[in-house]
Every structure is written in structure tokens, then in C-alpha cells.
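The values are calculated or read from the model by the stated rules, or taken from the named source; none is laboratory data. In this text, all values refer to a predicted model and were calculated from it rather than measured experimentally. Note that we place each Cβ from the backbone using ideal geometry, even for glycine, and neighbour counts take in every protein chain shown.
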Ligand code: FPP
Ligand code: MG
């Protein structure tokens, strides 16, 4: 008798739960507002409200046992419906947080005043201890083997394809910042895990982490092969560009081949999260290039233009650095919490008061900050360096019709620049005039200050890891990025 009553109650409870979850699903999913994919604040608000609605189906890891008591079919159903409907937009919002952009846009507003400068050079704790560290020395032995190993990965029974794809890996040019960062980050994460008693043994980058460094360089090089075709560039890394040497068609195909081989290597890492992250990076590279191509919309406000420029930088440069740093931590097996969030964007930990930072979040924020700083300095060097120093043409951005940070800041002192920006510097003498205006403004200085601001964000994030030479090497690298001359 009692067992009958009890089982009856259980069945009823289950049916009620099923109805609640179903009605929740119907209500909220049909009501999802359509939102523009580039709108992280709206997306976050939407995610928060959706998470609240579905809280029973989104247990935190600690309450996951409760979940197993519910019908896994119902739960999976609900979860996959949400994930499928929001995946793309979630990917948009999760790594480009508002604060990351706002800090720069605020500086853009401050341009022309003296307020900005005092606030953006804080000395970061521990920085005085890193003077003797050379980040490149720390990973020199792995880096020496990098080009040779990539060439092996690009072996093909088609001699022309092999020659074109391997072309850049035969020359010693190129800064190799990305694989250097991945190898340093791998070591720093491994050392952090050992210091916290979560891992034992060797802290050197594992074979998978070394392979990740190679994949990162292959993806980057593939994007440059395509970029040089788009930009009709005739030199790269101090030598003739692939398109100029072998023609556009082979340059595009060699880029595709590099991407294909890097995809096979990714799959062989046997880590679905890492595959997803790196595939998203490839999407971001394409998206960044398209945003750049679309140019500035007429009548946009200064801050909108700046916002779009920073997004483009994230997609073209920051995403690969941020996500490959994150992937290097995920490859050591454990992603664990290392502290409370700083509020400067954790690239993964979500809303609802959840401000925890995991080791891979810190790695992500580091890579994102270094990427942003790196691109800003690149944009300065396009004005300041010589072709011989850069190994590629100078004033290229203006010639391509691009308004980068030095121009955007300078336009606040020289309003004529705005008209030139809108017509993509295409009128006679536009490039020369724009160049003179930038040189006679504080545009380059402001850009450098912004780069330092992002480098500070990177340093702040990585200092959450336990102290090690590799971690300090990452701090030093973030500093060197803002001082580089080539
Ligand atoms: C350099 O830009 C280019 C990039 C950082 C990425 C370009 C991406 C694509 C062409 C999309 C295709 C992507 C893949 C993965 C095949 P730049 O012209 O500003 O810099 P530069 O002065 O070094 O040429
Ligand atoms: Mg280019």
C-alpha cells in the first residue's frame, strides 16, 4: 500500500516537473528577442534571464548530482534546445566583454585632454622582479625545433604544394610571438598546477602543448597567405610574399592546405573543447577581415568607430592569442578555479554573480590583452618604422583605406581627418596629408598609452597564477610587446 502511494507520488512529481520544464521551454524560447550578434551587453542580459528561467536544468557543477536524479532525457532535451538556439550568439558575447571595449572607448573620449595619462600606468605588483628574465630564452629549445616540425607536418606528395606551403617556414623572419606565448603559457600553467598539488611531474610543455604551438603558427601563417592576396602585398617577413612569388591562386590554395593540415593536427589532440576553440578562432579571423573590409558606416559616432576598430582587432589578432593561451591550459588536463574575478573580463565565467576565475580564464584574458596591445603597436609602427625594419610595406594601412587608432585619436585634433577616413583616403594626397596630421597630433602617444593599458590588463590576469619563471616571462613578454620596434 505505502509503496503504491510512494510510487504514485514520484510519478506525479516527475510528470509535473516535465510539464514545468516543457512550458518553460515553450515560453522562453518563443519569446527570445532577436538580437544583433555584435551586442554583448544585450546578449549577457538575455543569457542571464534565460539562465534564471532554466535554473533547474542548469545546475552548477557542485549540484550536478541533483541533475542525475532527474530524467536525463528531459534535461538533455532542454539543454540542447537552448544551446542550439544560442550557441552562435553566446560565442559572440562570451569573449568580448563590454568592459574590455569600454576602457578603450573611455580613453578615446579622453583624447585631447590630460586626464587619461595619469590613470593608465599603474605599476603592477611583482614587476620589479622580472627585469632579468628573457621570455624567449625560456622556450628557446622548443622554438628552435618549431619550423622544422611544421615543415614535417606540411609534407605532401605534391612538390609544388609542399614548396609553397613550406615557403615561410624556410625563412627565419617573423617574430613567432604566438608559439612563444603558447609554450610559455603551457609551462606556466603546468607549474601552477604542480604548485597547487594538482599535478606531479614534468612542467615542460607536453607533446600536445608543443603541437598546439605549431598549430597556432600554421593558422596564423595561413591567414597571412590569404591576407597578402587581399592586400596585394609584395613582401612579408623580409622576403617576397607568396602571392608575388607564386601567384594569387597558389597562395590561396597553400593557405587552405595549411588550414587543412592544422585541422588534422587539432583533431589528433583528441580534446573537443580545444578543437571547438581553435575552429572558432578561424571563424574570427575571417570575420575580422570582413569587418575591416566593410569600413566605417556614414554618420557613425567617434566611439562607435572606435568600438568597431577594437572588435576588428580582437577578431583579427586577439582571438588567436587569447584562445591559444586558453587551449594550452586546457591541454594540461585540469581547468580549476584560481580566485575571484577581477571584473576585467574572465572570458568564460558567466553572470549571476559568478565571478570566479579559472586558470584558463586567466590565460584567455592575458592573451586577449597582449593581442590588443600587439595590434595597437603594429598600427603605430605602420607610421613610425621603416620598410626594412618591418619586413613589409609601411603606411600600408592608410594606403588600404584603413583608419587605425593613431588616425582615430588624431581626428579629434584634426577634424578634416574624418572626411578623409570616410572616403578611405582615396582623394589625391589624402595619404600624405593624413600622415602629416597624425604626426602632428598626439595620436601615436595615445595609441601607445592604450597599448600599455591592455598590457596592464594582461599582466594583472597572469599574476593570478602561482609564481614561476614562465609566469614572470609572460609578464615580461606583455611589457616587451609595447616597447617593440619591429
Ligand atoms: C594581417 O592583417 C592579417 C590577419 C591578422 C588575418 C587575416 C585573415 C584573413 C585574410 C581571413 C582568412 C583566414 C584564414 C585563417 C585563412 P594586416 O593586413 O592588418 O597586417 P599586415 O600589415 O601584417 O599585412
Ligand atoms: Mg596585410
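Does residue 220 meet the test of being within 11 Å of ligand 2 (Cβ to nearest atom), in contact (Cβ under 8 Å) with a residue 24 or more places away in the chain and within 23 Å of the chain's Cα centre (by Cα)? When the stated conditions are applied, residue 220 does not pass them. Criterion first (within 25 Å of the chain's Cα centre (by Cα), surrounded by 24 or more Cβ atoms within 10 Å (Cβ to Cβ) and within 11 Å of ligand 1 (Cβ to nearest atom)) does residue 187 satisfy it? Here the answer is no, as residue 187 does not meet what is asked. For the stretch 435-446, a tally of residues being surrounded by fewer than 24 Cβ atoms within 10 Å (Cβ to Cβ) and part of a helix (DSSP H, G or I) returns 6. Across the stretch 304-320, a minimum of one residue is classified as more than 22 Å from residue 370 (Cα to Cα), away from ligand 2 (no atom under 16 Å from the Cβ) and at pLDDT below 95. All of (1) touching a helix residue (DSSP H, G or I) at 6+ places or on another chain (Cβ under 7 Å); (2) within 29 Å of residue 295 (Cβ to Cβ); (3) surrounded by fewer than 17 Cβ atoms within 10 Å (Cβ to Cβ) hold for residue 419 with one exception: (1).
Considering the stretch 223-277, the residues that are more than 13 Å from ligand 2 (Cβ to nearest atom) and outside any helix (DSSP H, G or I) include one that is farthest from residue 334 (Cα to Cα), namely 247.
The one condition from (1) modelled with pLDDT of 95 or more; (2) surrounded by 18 or more Cβ atoms within 10 Å (Cβ to Cβ); (3) assigned to a loop (DSSP other than H, G, I, E, B) that residue 296 does not meet is (1).
When residue 151 is tested against (1) surrounded by fewer than 18 Cβ atoms within 10 Å (Cβ to Cβ); (2) touching a helix residue (DSSP H, G or I) at 6+ places or on another chain (Cβ under 7 Å); (3) closer than 22 Å to residue 474 by Cα; (4) modelled with pLDDT of 90 or more, only condition (3) is not met. Being within 24 Å of residue 462 (Cβ to Cβ), touching a residue at least 24 places away in the same chain (Cβ under 8 Å) and away from ligand 2 (no atom under 16 Å from the Cβ) is a property that does not hold for residue 156. Name the one entry in 450, 408, 474 that is crowded, with 18+ Cβ neighbours inside 10 Å, at pLDDT 95 or above and either part of a loop (DSSP other than H, G, I, E, B) or more than 16 Å from ligand 1 (Cβ to nearest atom) (or both). Going through 450, 408, 474 in turn, just one is crowded, with 18+ Cβ neighbours inside 10 Å, at pLDDT 95 or above and either part of a loop (DSSP other than H, G, I, E, B) or more than 16 Å from ligand 1 (Cβ to nearest atom) (or both): 474. Scanning the stretch 241-283 for residues that are away from ligand 1 (no atom under 11 Å from the Cβ) and farther than 25 Å from residue 157 by Cα returns 270, 271, 272, 273, 274, 275, 276, 277, 280.
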